[in-house]
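Worksheet: one structure, shown below.
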Amino acid sequence: LITVATRPHVITRVNKAFASLCGYDADEAVGRTLRLIQGPATDADAVADLLDDVRARVPSSMIVINYRKDGTRFVNYLRAFPLAASGDDQDDYSFFLGELEKLDDAAVRAVAAGA
């Protein structure tokens with residue numbers, strides 16, 4: 001998925017993998033924010049850390065619980081990378097690329113165990 005780099009970080013594009021994982025088609029996700037997939041078990045502190053990194057225009061990652069459109073939770077590894085608007089100005093980040101990777105139960109247990 002791609003979001004604008006400034007608040008409120010509106011989603012501008014999603015791919016089929018996002019739609020499959022989260023249950024939202026592009027027409028449902030574009031124009032919204034990632035709050036779309038957040039819910040009661042989403043770690044607010046982790047989201048705040050991610051937003052701090054986005055503000056600083058640096059890559060970020062976290063493991064977080066999100067929610068599909070049908071309300072079921074899933075654990076994912078989220079990575080976010082700044083995208084420059086033009087190739088000339090490396091400080092002109094207008095967008096962020098977000099990659100969500102669903103973690104299976106074994107990976108979730110390993111993370112919880114500190115492995």
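Does the range 57-68 contain at least one residue that is in contact with a strand residue (DSSP E or B) (Cβ under 6 Å, 6 or more places away or on another chain), modelled with pLDDT of 95 or more, under 17 Å from residue 4 (Cα atoms) and part of a loop (DSSP other than H, G, I, E, B)? Yes, there is a match, as at least one residue in the range 57-68 is in contact with a strand residue (DSSP E or B) (Cβ under 6 Å, 6 or more places away or on another chain), modelled with pLDDT of 95 or more, under 17 Å from residue 4 (Cα atoms) and part of a loop (DSSP other than H, G, I, E, B).
Each row is one residue, and each column tells you yes or no for (1) surrounded by fewer than 16 Cβ atoms within 10 Å (Cβ to Cβ); (2) touching a strand residue (DSSP E or B) at 6+ places or on another chain (Cβ under 9 Å); (3) free of Cβ contacts under 8 Å to residues at least 24 places away in the same chain.
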position: 19; (1), (2), (3): no, no, yes
position: 34; (1), (2), (3): no, yes, no
position: 78; (1), (2), (3): no, yes, no
position: 84; (1), (2), (3): yes, yes, yes
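In the range 36-58, which residues are open to solvent by 30 Å² or more (accessible area, probe 1.4 Å) and closer than 21 Å to residue 94 by Cβ? If the condition is that a residue be open to solvent by 30 Å² or more (accessible area, probe 1.4 Å) and closer than 21 Å to residue 94 by Cβ, then 51, 52, 53, 55, 56, 57, 58 are the ones that fit. Remark: residue 83 falls outside the filter, which requires a residue to be under 15 Å from residue 2 (Cβ atoms) and within 12 Å of the chain's Cα centre (by Cα). Scanning the range 6-32 for residues that are part of a loop (DSSP other than H, G, I, E, B), hydroxyl-bearing (Ser, Thr, Tyr) and at pLDDT 95 or above gives a single hit, 24.
The values are calculated or read from the model by the stated rules, or taken from the named source; none is laboratory data. Values in this document were obtained by computation on a predicted structure and should not be read as measured data. As a convention, Cβ positions derive from the backbone with ideal geometry for all residues, glycine included, and neighbour counts pool all protein chains shown. With ligands, DNA and RNA removed, areas are computed over all heavy atoms of the protein, side chains included. Shrake-Rupley method; radii C 1.70, N 1.55, O 1.52, S 1.80 Å.
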